[in-house]
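Below: the structure, in structure tokens.
Bear in mind that the values in this text are calculations on the coordinates, not laboratory data. Bear in mind the structure is a predicted one, so any value in this text is a computation, not a measurement. Using ideal geometry, Cβ is built from the backbone for each residue, glycine included, and neighbour counts are taken over all protein chains shown.
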Amino acid sequence: MTEQTRTLVSPCGELEENLVLFHYGDLDGAERGMLQTHLQSCTACAGYLKELDTLLPLTLKADEPPATFWTDYNRELRQKLDRAAEKKSWRQTLGDLFQPRWMPALATAGVVALALTFTVGRGIWPANDSQDDAAIMELLPVAENLEFFKAMDVLDNLDLLESMGNQSNAA
């Protein structure tokens, strides 16, 4: 393209799509004839079609990059692939922890952590055995006399029935 800037000619708004179809030969007979008669009288549409004839073939021209581009591209791609291969995934990193050389160290650390938890934790978390024992001792006499309390409930219900019966007889 030349260094001077090209200004596109503006065609009639409703015919712009038809002009592109006309350029490619995809317009049918009736519309094609109508557009040809319009092009004879309209200089804007004729200029637009002339610009389409010069610009559209340029869009199809192949743009082949130089050989240096491909060598640089190939080198950069190989470097990226090498860096990606060097990075370990999280699975590989986790698998490295469980190698045979690390197992005794991890087991020892676990045993020490458990021992500290049971010995030091006893002083931090006091046992509530005395409160639990006191609550059980309060409930023990009630459990021993359960039959007595059930009989008392029956007697209360019997008194209620008798008082209801007396009220109905009085009415």
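Computed over all pairs of different Cα atoms, the Kirkwood value for the hydrodynamic radius of the chain is 29.6 Å. Between residue 79 and residue 32, full extension at 0.36 nm per residue minus the direct alpha carbon distance yields a gain of 11.3 nm. Between the Cα long axis of helix 29-41 and the first principal axis of the chain there is an angle of about 60°, rounded to the nearest 10. Computed across segment 70-171, the Kirkwood hydrodynamic radius from all distinct Cα-Cα pairs reaches 23.2 Å. With the simple model of a label 7 Å out from the Cα in the direction of the Cβ, residue 148 to residue 23 spans 11.1 nm. Note that segment 65-71 has calculated 3J(HN,Hα) couplings of x, x, 5, 5, 4, 5, 5 Hz, one per residue in order, obtained from phi through the Karplus relation 6.51 cos²θ - 1.76 cosθ + 1.60 (θ = phi - 60°); glycine and proline are x.
Label zone (residue 9, point 7 Å along Cα-to-C-beta; backbone nitrogen cut-off 11 Å) within segment 35-51: 39-51.
Projected label points at residue 61 and residue 122, each 7 Å from Cα along the beta carbon direction, are separated by 9.1 nanometres.
Sequence-distant contacts, meaning Cα pairs under 8 Å at least 6 residues apart, place the relative contact order of the chain at 16 percent. Extension gain for the segment residue 99 to residue 161, taken as residue separation times 0.36 nm less the Cα-Cα distance, is 14.3 nm to one decimal.
For segment 13-59, the Kirkwood hydrodynamic radius from C-alpha pairs, put into Stokes-Einstein at 25 °C and a viscosity of 0.890 mPa s, yields a diffusion coefficient of 227 µm² per second. The HN-Hα couplings worked out from phi for segment 72-88 by the Karplus form 6.51 cos²θ - 1.76 cosθ + 1.60 (θ = phi - 60°) are 5, 4, 4, 5, 5, 5, 4, 5, 5, 5, 5, 5, 5, 6, 6, 5, 8 Hz, whole numbers, x standing for Gly and Pro.
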